[in-house]
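As structure tokens, the structure follows; a few thoughts come after it.
The values are calculated or read from the model by the stated rules, or taken from the named source; none is laboratory data. Remember, predicted model here, so these are calculated numbers, not experimental data. Here Cβ is always computed from backbone atoms with ideal geometry, including for glycine, and neighbour counts include all displayed protein chains. With ligands, DNA and RNA removed, areas are computed over all heavy atoms of the protein, side chains included. Shrake-Rupley method; radii C 1.70, N 1.55, O 1.52, S 1.80 Å.
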Amino acid sequence: MKKTLALALAVVMSLGLLAGCGGNGGNSGNTSNPPANNSTSQDQSGSGVASSIPDAPEGGGTVGVCIYKFDDAFMTTYRNSLQEILKGKGYKVTVVDGNNDQAKQNEQINTFITQKVDALIINPVMTSAADQIIGTVKEAGIPTVLINREPTAEQMAAYDKLVYVGCDAAQSGTFQGELILETANQGDINGDGKISYIMIQGDPENIDAQLRTEYSVQALKDAGKEVEQLNLTRGDWDRNRGQEIAANDLAQFGDKIEVIFCNNDDMAIGALQSIQQAGRKVNEDIYLVGVDALDAALNEVMNGNMTGTVLNDAVGQATEAVNQMELLLSGTTYSSGNQSVYVPYVKVTPDNAKDFVK
Ligand code: GAL
């Protein structure tokens with residue numbers, strides 16, 4: 001029930017977003033009227049379905065989905081949602097695990113091309129591989145939606161049947177900073193006039209990690225706060241790494257640490273274990289924030305064990321990715337500078353956390 005509601009909300013949000021932000025401003029196709037269905041699914045309605053649907057893509061509705069690695073908490077929610085939506089619409093979908101290996105993902109993309117899929121949805125392993133991926137799908141002429149790792153506008157401009165669906169990573173960082181500013185002592189627990197923090201970073205090659213790191217602290221500075229970075233360590237989005245890094249830093253810096261910024265929730269959940277082992281108490285003698293709004297993190301926000309998080313809307317992004325894929329399949333093309341479609345982040349506090357539990 002909650003899932004259905006969330007999905008309905010996501011659809012409404014993405015419609016509003018399309019109408020409001022003009023993410024498709026340069027489209028030459030009819031963006032307000034995507035094809036209703038592209039189903040060729042044999043198990044749902046037998047053969048011949050495609051011919052009964054005028055807008056169905058020639059050759060059938062097969063979609064290849066490349067995920068950078070399955071062993072990532074947020075991308076697991078995202079890929080499950082993508083699969084559910086695509087299957088619900090009758091597409092034949094294959095989702096593959098890149099195992100965090102760009103060479104492997106390149107092979108997977110080539111295999112999908114050889115299999116003549118109608119569309120690709122790709123979560124690149126490396127942002128730096130964008131040129132190569134875009135060149136490959138362009139040469140094959142396959143409509144492609146990139147997700148989760150945003151290339152530059154210049155890179156995307158190379159191919160007009162390509163669009164990026166994601167979020168404005170800077171916004172999530174700003175929200176993290178605001179969560180700290182909204183606490184009783186605005187992050188300055190020991191009252192020494194500065195906010196002393198450690199930063200547990202995701203994969204630094206990823207723009208989400210770069211911008212969250214920058215903008216979380218920028219929000220504090222913009223509010224006129226003095227800040228002190230005690231340490232910054234890459235944790236590659238991983239819970240165990242979050243736990244190890246927090247344990248080391250708590251041992252090294254002790255009570256000096258007033259805030260732990262984590263670029264995502266999985267690392268924050270790991271950090272929480274170390275905070276508790278060190279006998280510290282979140283929201284009393286230390287603050288802890290993440291991003292994603294994983295269910296586990298939402299529970300900790302509600303229990304007072306995390307200061308807050310930021311909703312990284314997996315369902316909303318999956319819905320929008322499929323929507324954009326259907327626009328591409330119906331002939332929409334994109335012009336340079338209009339190839340990124342953003343789904344908004346939402347700040348999550350104990351007051352609204354329950355609204356986002358899946
Ligand atoms: C981020 C997300 C992280 C991780 C990463 C993978 O948007 O917050 O948890 O999934 O994407 O690229």
> So what J values fall out for segment 270-281 if you push phi through Karplus, 6.51 cos²θ - 1.76 cosθ + 1.60 with θ = phi - 60°, rounded to Hz, Gly and Pro as x?
Replying inline: x, 4, 4, 4, 6, 4, 5, 4, 7, x, 8, 10
> Which distance in Å, rounded to a whole number, links the C-alpha centroids of segment 301-358 and segment 142-191?
Replying inline: 10
> Can you tell me the accessible area per residue over segment 156-309, all protein chains present, probe 1.4 angstrom, in square angstrom?
Replying inline: 36
>> Please report the carbon-and-sulfur percent of the accessible area for segment 284-340; probe 1.4 Å, protein heavy atoms only, DNA, RNA and ligands left out.
In response: 39
> Which pairs break 18 Å Cα to Cα here: LYS69/LYS354; LYS87/LYS138; LYS221/LYS281; LYS92/LYS116?
Replying inline: LYS69/LYS354; LYS87/LYS138; LYS221/LYS281
> How far, in nm, would the chain grow between LYS221 and THR349 when pulled straight, counting 0.36 nm per residue and subtracting the alpha carbon separation?
Replying inline: 43.9 nm
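So, counting K/R as plus one and D/E as minus one, what does the shell of residues with Cβ under 15 Å around ALA278 add up to?
Neighbour charge sum, excluding ALA278 itself: -3.
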> Amide H of VAL341: which non-local residues (sequence gap of 5 or more, or other chain) have their own amide H closer than 5 Å, using H built in the peptide plane?
Replying inline: TYR164, VAL165, GLY166
> Got a number for carbon plus sulfur as a percent of segment 161-209's accessible area, 1.4 Å probe?
Replying inline: 46
>> Can you compute 3J(HN,Hα) from phi for each residue in segment 69-83, using the Karplus curve 6.51 cos²θ - 1.76 cosθ + 1.60 with θ = phi - 60°, rounded to whole Hz and x for Gly and Pro?
In response: 7, 6, 7, 9, 4, 5, 5, 5, 4, 4, 6, 5, 5, 4, 4
> Just how large is the dipole of segment 187-251 about the Cα centre, in debye to the nearest 20, putting +1 at every Lys and Arg Cβ and -1 at every Asp and Glu Cβ?
Replying inline: 100
>> Per residue of segment 251-263, what does 6.51 cos²θ - 1.76 cosθ + 1.60 with θ = phi - 60° give for ³J(HN,Hα)? Whole Hz please, x for Gly and Pro, Karplus curve as stated.
In response: 5, 7, 9, x, 5, 4, 6, 9, 9, 10, 8, 10, 5
> How much solvent-accessible surface does ILE113 expose, in Å² to the nearest 10, with a 1.4 Å probe and all protein chains in place?
Replying inline: 40
> With all protein chains present, how much of the accessible area of segment 66-112 (probe radius 1.4 Å) comes from carbon and sulfur, to the nearest whole percent?
Replying inline: 45
> What FRET efficiency do you get for LYS116 and ASN190 if R0 is 51 Å and r is their Cβ-Cβ distance, rounded to the nearest 0.05?
Replying inline: 0.25
> If you count, for each residue, the other Cβ atoms within 10 Å and average over each peptide, how do 179-185, 257-263, 195-201, 214-220 line up from highest to lowest?
Replying inline: 257-263, 195-201, 214-220, 179-185
> Which part of segment 184-203 falls in the paramagnetic zone of ASN231, meaning amide N under 14 Å from the point 7 Å along Cα-to-beta-carbon?
Replying inline: 197-201
> Separation between the LYS358 and ASP71 pseudo-spin-labels, each 7 Å from Cα along Cα→Cβ, expressed in nm?
Replying inline: 2.0
> How large is log10 I(q)/I(0) at q = 0.13, 0.14, 0.17, 0.29 Å⁻¹ when the Debye formula is applied to the Cα atoms of segment 175-240, each weighted equally and without solvent?
Replying inline: -0.37, -0.42, -0.61, -1.27
>> Starting from 0.36 nm per residue, how many nanometres of slack lie between LYS138 and GLU182 once their C-alpha separation is accounted for?
In response: 11.2 nm
>> For GLY308, what residues show an amide H to amide H distance below 5 Å, using hydrogens built from the backbone and excluding near sequence neighbours?
In response: LEU288, GLY290
